[in-house]
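Contents: one structure, followed by commentary.
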């Protein structure tokens with residue numbers, strides 16, 4: 001089990017030089033399909049395949065989660081991908097920012113226009129002292145509606161009202 005310390009932000013604009021950064025295309029399938037917020041995910045990230053279960057450790061505090069991940073073969077992923085689940089497609093850019101790496105997710109298909117930025121931390125102190133970058137609009141770590149399992153299977157229009165309360169402009 002791995003503990004993930006993370007903060008999540010909505011992007012205000014696309015930072016300079018993003019197009020030059022390493023990019024990985026990601027396909028996520030969240031299961032079970034009928035769950036409001038599935039915690040089990042199978043993922044294809046380039047040629048890496050895995051299944052992950054994420055659960056919050058401290059009640060509804062999304063900044064700290066337990067994460068159990070198992071590597072899969074392509075054949076295992078392909079077989080599991082036949083399961084009915086909520087799908088999510090995005091490009092993840094690894095953007096260097098102040099001695100860290102920002103994971104900038106640019107959503108595709110029905111969620112096109114949504115850009116979310118994640119930062120991971122080694123300690124709670126480091127996480128709490130981190131200042132939001134200028135290319136970010138607002139922190140949404142605790143907004144469950146922005147979590148991958150909640151976004152999966154939805155369209156931008158499904159979340160537009162929620163995003164409007166942050167004055168988010170479709171990018």
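List of remarks:
- Percent RCO, i.e. relative contact order, over the chain, from Cα pairs under 8 Å lying at least 6 residues apart: 31
- Using the average count of surrounding beta-carbon atoms within 10 Å as a protection proxy, the listed peptides 26-32, 69-75 rank, highest first, as 26-32, 69-75.
- Pair-distance profile P(r), taking every C-alpha pair of region 54-151, with 10 angstrom steps and integer %: 12, 38, 38, 12, 1
- Mean projection of the Cα convex hull over all viewing directions, computed for the chain: 9.9 nm².
- Per residue, the average separation of C-alpha pairs within less than 8 Å and at least 6 apart gives region 1-88 a relative contact order of 33 percent.
- The chain, helix-only ellipticity at 222 nm - DSSP H runs n ≥ 4, -39,500 (n - 2.57), divided by all residues, nearest 500: -3500 deg cm²/dmol
- Taken as Cα centroids, region 69-83 and region 1-59 sit 16 Å apart, rounded to the nearest whole angstrom.
Throughout, read-outs are computed from the coordinates displayed, never taken from laboratory work. Just so you know, these numbers come straight off a predicted model, no measurement behind them. Cβ atoms come from the backbone with ideal geometry, glycine included; neighbour counts cover every protein chain shown.
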